[in-house]
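Accompanying notes for the structure given below.
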Amino acid sequence: MDLIYDPQKIEAKWQARWAEQKLFDADEVPGRKKYYVLEMLPYPSGDIHMGHVRNYSIGDALARYMWMKGYNVLHPIGWDAFGLPAENAAIKLQRHPSEFTFSYIDRMREQLKRLGVSYDWRREIATCVPEYYRWNQWFFLQMYQRGLAYRKKSRVNWCSLCQTVLANEQVVNGCCWRHEETPVIERELEQWFLKITAYAERLLEDTKELVRWPERVLTMQQNWIGKSLGTEVDFFLPQLGEPLRIFTTRVDTIFGCTAVFLAPEHPIVEKLVAGSEAPEKLRAEVERVKASAVRARVEVDLEKVGIDTGFKARNPYNGELVPVWLANFVLMEYGTGAVMAVPAHDQRDFEFCTAYGLPIRTVIVPTGGALPEKLEAAYVEYGRLVNSGAYTGLTSEQAIERMTRDAEAQGFGKGTIQYRIKDWGISRQRYWGTPIPIVYCDACGIVPVREADLPVVLPPGVKLTGQGDSPLASVSEFVATSCPRCARPARRETDTMDTFVDSSWYFYRYTDPKISTAPISHEAVSYWFPVDQYIGGIEHAILHLIYMRFFAKVMRDIGLVDSAEPVARLFTQGMVIKDGAKMSKSKGNVVDPTEMCAKYGADTVRLYMLFAAPPEKDLDWSDAGIEGASRFLHRVYRLVAKHADRLRSVGAPPFELHTDQLGSEERRLLRKVHQTLRHVTEDMEGRWHFNTDIAMAMELVNELSDLEGAVEAGKIRPEIHKRGLECLVLILSLFAPHVADELWEELGHLEPTLRVSWPAFAPELAAEDELEIPVQVNGKLRGRIRVAVDVEEEEIRRRALAEEKVAQHVAGRQVVKVIVVPRKLVNIVVK
């Protein structure tokens with residue numbers, strides 16, 4: 001066997017052999033246990049980055065482990081191929097977006113193959129081809145028929161750089177999610193929406209089923225859905241002679257209401273302006289607050305602005321008249337667009353009313369306590385009611401129930417539920433996306449395209465400028481069509497769909513990517529689903545991950561799938577950073593995976609990505625770290641190569657042997673082997689501490705190296721030595737599969753490691769004969785002792801006091817006591 005490790009040669013050899021053997025192809029096998037592992041599909045941006053490498057290395061380690069555990073493993077890949085970057089490149093270079101997209105796909109496919117990831121490439125999909133996006137259109141039609149897709153004029157989030165609409169979930173800290181420093185503005189446009197709010201309660205309730213999802217993701221989704229139990233109450237406007245309905249989650253505080261706040265877009269504002277003594281002045285003030293409200297919705301911590309309209313509203317609970325204000329922080333989309341101001345018990349109201357000199361009245365105090373006469377901040381907790389008429393003395397919980405019941409009985413209010421989540425606006429004024437399958441007819445109105453006429457295909461001859469209306473609007477041969485209902489001349493919808501539609505169901509398509517009669521095969525989905533393990537970034541918690549759950553529920557209601565939740569277990573990996581910052585070309589800190597593979601080999605890159613940090617934490621790239629990973633694999637290769645010729649024909653070890661049938665060196669080797677197997681097995685089944693798994697493999701290499709003398713002296717039988725090396729190779733096959741298969745073959749095996757059963761650890765062999773126990777003197781570590789597992793406590797005391805370094809710190813001092821924590825530590829107290 002060649003003693004020089006050549007990763008380029010070895011990796012090319014095994015990638016070719018794996019492809020020839022169709023090693024990663026997975027088909028439905030009724031009765032065989034399956035495992036579906038999936039990483040979020042990438043956008044074809046031109047090159048994979050280190051974040052991709054980390055993501056796919058995690059998934060590949062798991063996929064290989066599950067193959068070795070006997071599972072039928074589905075591990076597919078595809079391309080989230082529609083989107084703005086390709087269109088923006090097309091605008092800049094005046095070429096078609098598909099040219100960039102497919103060339104980037106080709107490049108990234110080769111890069112992924114160079115990494116040796118165990119993908120079933122037969123199942124590859126690209127969301128930008130008509131064979132895929134026709135089913136986006138089909139889903140839209142199903143939702144339209146069920147009232148889940150609708151069109152309305154709406155204020156929308158607009159990115160000036162993207163030149164398109166953003167969903168609420170795509171606005172991050174007031175800026176575009178793609179352009180983190182570009183403030184989002186508002187526009188009013190006719191838009192298509194998907195009625196995700198119809199599923200708000202199910203989306204919320206079903207989070208209880210997601211017991212193997214990160215708690216952080218579930219909390220983010222629950223907060224985004226934002227269920228509020230509250231009360232709608234009618235205040236009366238005597239100057240207009242009509243009611244004004246407000247929404248509150250804390251009706252128990254209503255006796256502390258000192259104003260009513262309206263959203264500047266509230267319909268009643270026009271009546272207030274018309275009825276004002278100075279309508280022009282009020283109109284100007286309304287426009288000022290409205291402009292501020294647009295900014296307040298997308299900018300973090302913008303100053304709260306309001307105006308007194310001069311009108312009053314009567315509180316139905318106590319008959320008090322309070323001023324009606326417009327406020328830039330009240331959302332028309334939440335509740336009724338009108339809220340009561342209770343500054344003593346809401347911090348936002350407290351700050352606003354303090355700034356504008358509005359009264360602050362305490363009506364809730366801590367149970368069994370009191371509040372100062374002048375508050376420094378709002379008291380927002382539940383408590384006991386004071387200054388609240390007939391409700392004084394009740395707890396907040398009692399008051400909310402009784403006051404809501406009284407409002408319903410007396411006809412001025414009702415209990416209700418509100419959700420923070422809003423319907424999903426999917427209209428985008430760009431070209432490179434799925435055309436919305438709708439036709440506008442002067443006679444028939446809005447008419448859906450017939451299913452038989454799908455797909456509505458993107459026209460090729462489009463001039464892309466990035467300015468003005470949707471690019472499709474300028475293509476007369478696309479726009480001009482006939483009405484599916486009456487056959488008269490009609491015009492097509494020219495907006496395209498949000499690309500998050502594409503990624504909301506792609507994982508179903510992998511199960512039968514060639515099916516042409518339906519979006520998915522029910523039989524294939526029934527075999528493979530749910531996705532057993534999904535891997536991706538936390539940034540998708542309220543974007544992709546909530547949209548896909550919505551789609552799954554719609555698909556179940558349509559009858560396409562049997563389960564309303566598509567993913568059983570979710571893992572969110574950390575980012576790869578360098579010099580403490582996110583990698584970016586502008587910072588000059590990008591590390592190119594292709595260059596690293598050329599320099600060190602794919603196995604080294606993959607091993608380092610899994611070793612450098614726990615997978616859920618950010619990984620700070622280190623050049624020294626990858627050098628260390630390379631040295632380790634060279635060391636492993638030399639260690640096995642040195643003995644491969646001698647051990648190739650050696651048979652299996654006698655597993656029936658017990659520890660008392662082994663020599664001390666054999667027992668030492670097998671103990672480390674089985675401890676490592678135990679650690680890796682338990683991690684792969686749950687914890688995913690890949691970094692410590694690799695550290696354990698490194699310790700096993702150290703042990704094998706330390707025992708070289710015993711091997712040469714014949715104190716370790718060849719079959720036991722071979723088994724130690726084999727287990728090392730099988731463990732490394734999860735993280736560095738090319739070199740593992742090379743070493744496995746050199747040890748005399750014909751099959752690749754993926755087809756080998758994962759070795760079971762023997763608890764008896766993994767058990768320690770000895771323990772290393774730290775010894776402290778007055779709480780400070782001073783030495784360590786090794787003792788037998790079953791040693792008596794008195795012997796531990798004696799050995800601890802006799803330890804050389806410990807004795808130096810005890811000499812000349814009185815030993816007060818010796819504390820022994822069994823199997824953990826010894827602490828000697830002296831004075």
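The values are calculated or read from the model by the stated rules, or taken from the named source; none is laboratory data. Quick caveat, the model's predicted, so the values are computed rather than measured. Note that each Cβ is placed from the backbone with ideal geometry, even for glycine, and that neighbours are counted across all protein chains shown. Just so you know, the surface numbers come from the protein's heavy atoms only, side chains and all, with ligands and any DNA or RNA stripped out. Shrake-Rupley method; radii C 1.70, N 1.55, O 1.52, S 1.80 Å.
Which residues' amide hydrogens lie under 5 Å from the amide hydrogen of GLN776, considering only partners 5 or more residues apart or on another chain, with H built in the peptide plane?
ARG782, VAL826, ASN827, ILE828
Cross-link candidates for LYS152: which aspartates and glutamates have Cα within less than 17 Å, leaving aside residues fewer than 8 places away along the same chain?
Within the straight-line cut-off, LYS152 pairs with GLU186, GLU188, GLU190, GLU265, GLU333, ASP423, GLU493, ASP495, ASP498.
How far is helix 718-732 tilted off the main Cα axis of the chain, in degrees rounded to 10, range 0 to 90?
20 degrees
Each label point is 7 Å from the Cα along the Cα-to-Cβ direction; what then is the distance between the points at MET1 and ARG405, in nm?
Here the modelled spin labels are 8.0 nm apart.
Binning at 10 angstrom from zero up to the longest distance, how are the C-alpha pair distances of region 685-831 distributed in percent?
All Cα pairs, binned at 10 Å, distribute as 10, 27, 24, 20, 14, 5, 1 percent.
Counting other Cβ atoms within 10 Å, which GluC sites (Glu not before Pro) in region 344-444 have at most 11 and lie in a DSSP loop?
GLU373, GLU376, GLU381
Whole-Å semi-axes of region 407-514's equivalent ellipsoid, largest first, each the root of 5 times a Cα gyration tensor eigenvalue?
The three semi-axes for region 407-514 are 34, 22, 17 Å.
So which trypsin sites (Lys or Arg not before Pro) in region 8-103 pass both tests, a DSSP loop state and at most 16 other Cβ atoms within 10 Å of the Cβ?
Passing both the DSSP loop test and the Cβ count: LYS22, ARG32, LYS33, LYS69, ARG95.
Rounded to the nearest 20 debye, what is the charge dipole size of region 567-624 about its Cα centre when +1 sits on each Lys and Arg Cβ and -1 on each Asp and Glu Cβ?
Dipole size: approximately 180 debye.
With all pairs of different alpha carbon atoms counted, what Kirkwood hydrodynamic radius in Å does region 171-286 show?
After inverting the pairwise mean of 1/r, the radius is 18.9 Å.
Would you mind calculating the gained length between GLU280 and ARG107 on full extension (0.36 nm times residue separation, minus the Cα-Cα distance), in nm to one decimal?
56.1 nm
Viscosity 1.002 mPa s, temperature 20 °C: Stokes-Einstein D of region 569-674 from its Kirkwood Cα radius, in µm² per second?
My calculation gives 123 µm²/s for D.
With charges set only on the Cβ (+1 for Lys and Arg, -1 for Asp and Glu), what does the dipole of region 402-494 come to about its Cα centre, in debye to the nearest 20?
Dipole of region 402-494, to the nearest 20 debye: 260 debye.
Within region 656-706, what whole-number % of the accessible surface is contributed by carbon and sulfur, with the 1.4 Å probe and all protein chains included in the calculation?
Carbon and sulfur atoms account for 43 percent of the accessible area of region 656-706.
Calculate the length of the line joining the C-alpha centroid of region 596-625 to that of region 298-348, in whole Å.
Each part's Cα centre sits 54 Å from the other's.
For region 39-179, what is the convex hull volume of its Cα atoms per residue in Å³?
So the per-residue hull volume is 171 Å³.
Mind jotting down the distance between the C-alpha centroids of region 1-23 and region 360-432, whole Å?
Taking the Cα centre of each part, region 360-432 and region 1-23 sit 67 Å apart.
Using the structure shown, list the pairs from LYS271/LYS304; LYS113/LYS642; LYS92/LYS153; LYS617/LYS780; LYS33/LYS113; LYS22/LYS113 with a Cα-Cα distance above 20 Å, or answer none.
Correct reply: LYS271/LYS304; LYS113/LYS642; LYS92/LYS153; LYS617/LYS780; LYS33/LYS113.
In whole Hz, what ³J(HN,Hα) sequence does region 51-61 give by Karplus (6.51, -1.76, 1.60; θ = phi - 60°), x for Gly and Pro?
Once rounded to whole Hz, the list reads x, 4, 4, 5, 4, 6, 5, 4, x, 5, 4.
Of all the C-alpha pairs in region 629-721, what % are more than 17 Å from each other?
In whole percent, the share of Cα-Cα pairs in region 629-721 beyond 17 Å is 56.
List the aspartates and glutamates whose Cα lies under 18 Å from the Cα of LYS13, skipping any in the same chain that are fewer than 8 positions away.
Excluding near neighbours in sequence, the set is ASP2, GLU110, ASP603, ASP741, GLU742, GLU745, GLU746, GLU751.
Rounded, prolate or oblate, given the Cα gyration tensor of region 268-363, with a/c below 1.5 counting as rounded?
oblate
Past the 15 angstrom mark, what percentage of all C-alpha to C-alpha distances in region 378-448 do you count?
Tail fraction, whole percent: 75.
Working from the pairwise distances between different alpha carbons, so that the mean of 1/r is found and then inverted, what is the chain's Kirkwood radius in Å?
31.9 Å
Could you give the accessible area per residue of region 91-209, probe 1.4 Å, as a whole number in Å²?
Spelled out: the 1.4 Å probe surface of region 91-209, per residue, equals 45 Å².
Can you give the translational diffusion coefficient of region 594-636 in µm²/s, computed by Stokes-Einstein from the Kirkwood radius over Cα pairs at 20 °C and 1.002 mPa s?
Once the numbers are plugged in, D ends up at 204 µm²/s.
Please identify every one of the GluC sites (Glu not before Pro) in region 728-773 that sits in a loop by DSSP and has no more than 15 other beta carbons within 10 Å of its own beta carbon.
Qualifying residues, ordered by number: GLU768.
Hey, could you get me the Stokes-Einstein D for region 1-120, Kirkwood radius over alpha-carbon pairs, 10 °C and 1.306 mPa s, rounded to whole µm² s⁻¹?
The estimated diffusion coefficient comes to 97 µm²/s.
Tell me the mean residue ellipticity at 222 nm calculated for the chain from its helices only (DSSP H runs of n ≥ 4, each -39500 (n - 2.57), averaged over every residue, nearest 500).
Computed mean residue ellipticity for the chain: -11500 deg cm²/dmol.
Rounded to two decimals, what ratio of Rg to Rh does region 477-569 give with C-alpha atoms and a Kirkwood Rh?
Rg/Rh for region 477-569 comes to 1.10.
What per residue convex hull volume, in Å³, do the alpha-carbon atoms of region 47-113 yield?
Per residue, the Cα convex hull of region 47-113 comes to 89 Å³.
For region 216-281, list log₁₀ I(q)/I(0) at each q in 0.16, 0.17 Å⁻¹, using the Debye formula over Cα point scatterers of equal strength and ignoring solvent, two decimals each.
-0.74, -0.79
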